[in-house]
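Below: the structure, in structure tokens.
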Amino acid sequence: MELGTAVRHDVTRLTEEDYYLFAEGTHTRLYEKLGAHLMVVDGVPGTCFGVWAPDAERVSVVGDFNGWDREAHSLARRGSSGIWEGFVPGVANGAVYKYFIASRFHGYLVEKADPFGFRHETPPKTASVVWDLAALDEEPRTPRQKRTSHDKPVSIYEVHLGSFRRVVEDENRSLTYRELAVELPEYAARMGFTHVELLPVMEHPFGGSWGYQVTGYYAPTSRFGGPDDFLHLVDALHEAGLGVILDWVPSHFPSDEHGLGYFDGTYLYEHADPRKGYHPDWKSLIFNYGRHEVMSFLLSNAHFWLDKYRADGLRVDAVASMLYLDYSRKQGEWEPNRYGGRENLEAIDFLRRLNESISRAFPEVQTIAEESTSWPMVSRPAYVGGLGFGYKWDMGWMNDTLKYMSSDPVYRKFVHNQLTFRMMYAFSESFVLPLSHDEVVHGKGSLLGKMPGDEWQRFANLRLLFAYMWSQPGKKLLFMGGEIAQKREWNHESSLDWHLLDEGPYHAGMKRFVQAMNRLYREYPAMHELDTHPEGFQWIDCNDADHSVVVFYRRARSTDALVLVALNFTPLPRQRYRVGLPRGGRWKELVSSDALEYGGSGMGGGGDVVAENIEWHSRKNSVEITLPPLGAVFFVHEGLAVSERPLGAVHLGEDKARFRVWAPKASKVELVLLEGKTERRVPLEPEANGYHHALVDGVLPGARYRFDLDGELRPDPASRLQPEGVHGPSEVVRSFSDHTPGWTGRPLDEYVIYELHVGAFTPEGTFDAAISRLSYLRELGVTAVELMPVAAFPGERNWGYDGAYPFSVQASYGGPEGLRRFVDACHSEGIAVILDVVYNHLGPEGTYLADFGPYFASYYRTRWGDALNFDGPHSDEVRKFFIESALHLVTQMGIDALRLDAVNAIVDNSPLSFFEELSEAVHRRASELGRLVHLIAESDDNDPRLVTPSSQGGHGLDGLWNDDVHHALLALLSGERVGYLQDFGLVEQLAKTFRENFAFTGEYSRYRRRRRGRPAGGLDPRCLVTFVQNHDQVGNRPRGERISRRVSFDKQKLAAAVVLLSPFVPLLFMGEEYGETAPFPYFTSHGDPTLIANVREGRTEEMARLGYPEEPFDPQDEATFLRARLDFELRTTGDHARLFAWYKELLRARRDIPAFAPEGGRQAVAFEDERLLYVRRWNRDSEVFVIYHFGDHPVTVTLPVPGGTFRRSLASFEERFGGKGDLRAPEEITSSGLVRVSLGPWEAALYVRAR
């Protein structure tokens, strides 16, 4: 080979965009461009080398393939980028190499390892090794999951791979990556941890640095194997269900000659000024964060480990040393920033860019800051002024807690504040509570060694420390060895002392206790779901310093089920220790740290306890418990609402069934089984509180029955099916599995709701027929179907709000079997199912509940019928009945959400509202089932307390219908001022809903002749459901005219844009998406002539009250129902098809454009004279604005558009959507703060910020 001629300089991996992004400091995938990449060029295999050395005079590749000849393979400079590159034929995988660099300055010559080397020689050797990076993508991967979300349990096992376990008989060597892949995942998963955090695995020359002195930022250390071996370990951890967090060190790097320091004869990666570029504590170099190329190097490195090795998180080391210019420096040893302060502005900018770029590219990943100062908003998004980390280590908690636990229990009462002070700041950040490697080195001793007292007390103290940590708000981190109560200080050259597990009960007991803590933390949402929110924690007593006792409870967002925690930090047991309780009822003991199995003395908290009506700790209920010495006890609230034996007929398998009914009015209750023409009678055994039950043999699904109440035959109030109508016998149905396998529900903010009436949605009017249209709904963009009520009603046609049996499913629709098939089919399409339920009244025909007990209130009546008794005598049992019906629908039918009809018509003056109790029971059941279930209220009171957590004085529901958007929108579109529309008509009212969620927040309503609503600006808009139309807004008109019959085609498109691009959860009424023209009038099929006449008369009076002069359709006439059926073929014709396309595009934009995420910012400005609404939305680096015009004539208006360029993404006037192609609104807008924009009549246009 002729020297200098073998390298091909015409081969490059770089594009103009790469040069630009690299120089801008925003390149995040440099690892695909620089370093050593195997390639085949013109059929010749070889390696393309690329390195950044802007002040080099010459760069060449030296290695075992050219005898380390510095002249053989010179690289070519790529313009002014500072990058040198070249393709060397014949260099294969495994070749050892370095870069020889001849600097332009001082005759500096050096051989450097590749900064982008994907493998390096095992230290003390220092060369890089060619490695096929693409091979990492060939192995099948376990998909990354959202394991590190704030509402998930995160319990981290921190591991140093070199000392986790050593092979003593083989020269005390460390385990290899593949050996670790056998042992570590199985152990950590069995211990109950959710994540494993690895001390830095990036290549480092000195083992005693534990990996924190990195020279090979892009290579896992070769001490334990190759890159493929490390990937195998990561995959094994993922397969075991464990997330993988990598320690990452962008704060400093060592000065080893082969590393990054003085790379090309200049201070390239580090600052030239030692006041900024040298770390006095670690004798290492500090990155120059103000140099854009260095920023690209570090950003790409973070992305590399998340992309190629599929890490689930990065723990960023020594963040405090990056933030402060004077970190560990004396006066005169540091240089202030340009404002005279000590903040490192370049490092701050880097950290924000880092976290923003990771959030965009890997939204399921969290970054964690080891930050030891009080720097604000470390774990808050950069767009609100934070640093953007997902979590921050709570070093203050660690220091205070270890100081407290190290003190003699006799003196703990004098430092009680060290235990409780944390709650003053616990929710200022999203914290991880660390008991890390740093606390068991450098003479600090082991965790066990820090504990005071004799041997028994030291172990009891350590269990108490763990109980305190696992019960506190915040994610958990424990360094390896803590779980077995390692006695000696950690030594990186020695294995953990696993033999201790065979030495007496204490060490093995500690291991079991950590398993128990992890199990408790994972299985009970109260222990983790609100780790980062103040509503997840409440003190009961933090002031009992004299006894060194603290008591508090934890709760979850999705449930009011509570976990009570009591901790005794003295060696004295506390008998009959009274604690106030947040709830009455039964409390079940979960864990005592003093149990024998954990090495304790066997003293528990007194077992399960029942609250007493004795006020204590300013709470109405309290209980006496036993606090073990140096011990902790955990109790879970078992609730009040639901019996373990459900009501109605429950088939138990084979030919057995249990029957249970509440009938306090009856002295004798019999079950009457109808077996052909004969009857079989079974007496029911009475229970307390008016219940009766029987376990009966010879009963199969399909058996029909009634109850005999002192001689009167009645259907079962909790009937699952009424096959012969509401007056006929009830039927036993089979039991169903809890829900569709693999289905865990959807968060409410993901819902795009499609409301439908089963009978009118298809010609057949059944669940099975509706299944055939689910793929259509999925393609439209629907994520949730809302069924109007399906509880058994009279006849075969009804809106459903005359249901008589809350547990049942209408037989003509397909009964419970059909509903369950429909729900399972929806789930298989990724669609959640909402069911409309009616708890304010029952239908006027077929309701026999009054014969069984006092189900109805004696002092109040709704305009639809007798009100239900939720606060009078016997109301506890009435509540149980309806709560149990909700649990049946969630559990047996698989329903994902319940829409509670007209909750403002429910009268309940109880201290604990029915809604709170329903919320607690339903959300607890959802937690048990492992899926999301929501409760959505329909109310026009605009009362945010409905969706405020009960711990904050609210009712604890999840969602609320928002009528104000509809009313404001319809008044603008139609000009109508009938009924409630007389309160609306201003664009500002619509704008206010975008800003403050409701238009009426306490203002006077002319229609209601009183004030309406409460301020609700603090509500999350994701809990509010809004719509262009729904069954009520259409059907509560005399002829049931849809909006398609009342406003123009352009106005329909405008209305859709307002709702579908709003921050709220959108709801479509069936057929709306293509402009269905069939009406949806009110219809019934009663059998009682008197009732039929009353319904007709009442309907006419109600329409007149609302201000409509027309005569309504006859509700009882079958033709009224037949008019309501959809003409599904319309969607493919003319303007119907174009409207359908518009809806699909709006839903696509809502889904795909990050600015529409409801957690982002929003601004809404009304231009009343021009009848125009300007709405701006932003989220992270995505920004949009939408213009809506509600006028008959073109307008031009000056808008407060932020600086920059915006491109029109979607407009209602486009020809593909049936518009005239009117281009008054320009395709692109460049603004410096204000811009003039024109828009035609009844048009909407969406603009997206250009990147």
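Overview of results
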read-out	value
Filter result for Val11 (assigned to a loop (DSSP other than H, G, I, E, B), in contact with a Cys (Cβ under 8 Å, 6 or more places away or on another chain) and either in contact (Cβ under 8 Å) with a residue 12 or more places away in the chain or surrounded by fewer than 24 Cβ atoms within 10 Å (Cβ to Cβ) (or both))	yes
Every residue from segment 410-427 that is buried (at least 16 other Cβ atoms within 10 Å of the Cβ) and either assigned by TED's automatic domain parsing to the domain that holds Glu370 or part of a loop (DSSP other than H, G, I, E, B) (or both)	His416, Ala426, Phe427
Hits in segment 848-862 - residues which are under 24 Å from Glu938 (Cα atoms), touching a residue at least 12 places away in the same chain (Cβ under 8 Å), surrounded by fewer than 22 Cβ atoms within 10 Å (Cβ to Cβ) and not aliphatic (A, V, I, L, M)	Phe856, Tyr859, Tyr860, Thr862
Flag for Lys403 being among the basic types (Lys, Arg) and not in a strand (DSSP E or B)	yes
Among the residues listed as Ala663, Ala703, the single one being in contact (Cβ under 8 Å) with a residue 60 or more places away in the chain, crowded, with 16+ Cβ neighbours inside 10 Å and within 45 Å of the chain's Cα centre (by Cα)	Ala663
Some residue of segment 868-888 being outside the structural domain of Arg720 (by TED's automatic domain parsing), more than 21 Å from Leu819 (Cα to Cα) and of a type in the set (Lys, Arg)	yes
Residues located in segment 485-533, provided they are surrounded by 17 or more Cβ atoms within 10 Å (Cβ to Cβ), aromatic (Phe, Trp, Tyr) and part of a helix (DSSP H, G or I)	Tyr506, Phe513, Tyr521
Residue pairs meeting the criteria (Cβ under 8 Å; at least 6 apart or on separate chains; first β-branched (Val, Ile, Thr), in segment 369-396; second buried (at least 21 other Cβ atoms within 10 Å of the Cβ))	Thr373/Leu323; Val378/Val319; Val378/Ala369; Val378/Glu371; Val378/Leu387; Val378/Phe389; Val378/Lys392; Val378/Glu429
Single residue of segment 985-1005 satisfying the filter (of a type in the set (S, T, N, Q) and not in a helix (DSSP H, G or I)) that is surrounded by the fewest Cβ atoms within 10 Å (Cβ to Cβ)	Ser1005
Boolean, Gly585 is small (Gly, Ala, Ser), more than 30 Å from Arg704 (Cα to Cα) and surrounded by fewer than 16 Cβ atoms within 10 Å (Cβ to Cβ)	yes
Filter pass, Glu371 being part of a helix (DSSP H, G or I) and either modelled with pLDDT of 95 or more or within 30 Å of Leu447 (Cα to Cα) (or both)	no
Candidate set: segment 1036-1062, residues that are out of contact with any Asp or Glu (no Cβ under 9 Å at 6 or more places or on another chain) and not hydrophobic (A, V, I, L, M, F, W, C); chosen: the one surrounded by the most Cβ atoms within 10 Å (Cβ to Cβ)	Ser1062
Any chance Glu687 is touching a His at 6+ places or on another chain (Cβ under 9 Å) and free of Cβ contacts under 8 Å to residues at least 40 places away in the same chain	yes
Single residue of segment 151-190 satisfying the filter (touching a residue at least 24 places away in the same chain (Cβ under 8 Å) and of a type in the set (Lys, Arg)) that is farthest from Trp498 (Cα to Cα)	Lys152
So Leu1019, is it touching a helix residue (DSSP H, G or I) at 6+ places or on another chain (Cβ under 7 Å) and in a helix (DSSP H, G or I)	no
Of all residues in segment 1185-1244 being in contact with a Gly (Cβ under 9 Å, 6 or more places away or on another chain) and among the basic types (Lys, Arg), the one that is modelled with the highest pLDDT	Lys1220
Qualifying positions in segment 921-966 - surrounded by fewer than 20 Cβ atoms within 10 Å (Cβ to Cβ), in a helix (DSSP H, G or I) and of a type outside the set (S, T, N, Q)	Glu928, Leu929, Arg945
Tally of residues being in contact with a Pro (Cβ under 8 Å, 6 or more places away or on another chain) and modelled with pLDDT under 95 across segment 1003-1030	8
Residue among Gly241, Gly225 that alone is under 35 Å from the mean Cα position of the chain (by Cα), without any contact (Cβ under 8 Å) to a residue 60 or more places away in the chain and not assigned by TED's automatic domain parsing to the domain that holds Thr126	Gly241
Met322 within 27 Å of Asp394 (Cα to Cα), surrounded by fewer than 17 Cβ atoms within 10 Å (Cβ to Cβ), within 37 Å of the chain's Cα centre (by Cα) and in the same structural domain as Glu203 (by TED's automatic domain parsing)	no
Residue that is modelled with the lowest pLDDT, among those in segment 588-624 that are crowded, with 16+ Cβ neighbours inside 10 Å and β-branched (Val, Ile, Thr)	Val609
Options Ser858, Ser808; residue that is of a type in the set (S, T, N, Q) and either part of a loop (DSSP other than H, G, I, E, B) or at pLDDT 95 or above (or both)	Ser808
Any hit, segment 78-91, residues being at pLDDT below 95, of a type outside the set (Ser, Thr, Tyr) and within 23 Å of Phe22 (Cβ to Cβ)	yes
Test result for Glu916, touching a Phe, Trp or Tyr at 6+ places or on another chain (Cβ under 9 Å) and not assigned by TED's automatic domain parsing to the domain that holds Arg720	no
Qualifying residue in segment 429-446 (condition: surrounded by fewer than 19 Cβ atoms within 10 Å (Cβ to Cβ) and in contact with a Pro (Cβ under 9 Å, 6 or more places away or on another chain))	no
The one condition in (1) under 23 Å from Gly872 (Cα atoms); (2) within 21 Å of the chain's Cα centre (by Cα); (3) among the aliphatic types (A, V, I, L, M) that Leu932 fails to fulfil	(1)
Failed condition for Arg1008, given (1) under 32 Å from the mean Cα position of the chain (by Cα); (2) part of a loop (DSSP other than H, G, I, E, B); (3) of a type outside the set (Gly, Ala, Ser)	(1)
Lone qualifier among Asp454, Asp438 - being of a type in the set (Asp, Glu) and within 19 Å of Pro571 (Cβ to Cβ)	Asp454
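The values are calculated or read from the model by the stated rules, or taken from the named source; none is laboratory data. These numbers were taken from a predicted model, which means no experiment stands behind them. Methodologically, a virtual Cβ is constructed for each residue, glycine included, from the backbone with ideal geometry; neighbour enumeration extends over all protein chains shown.
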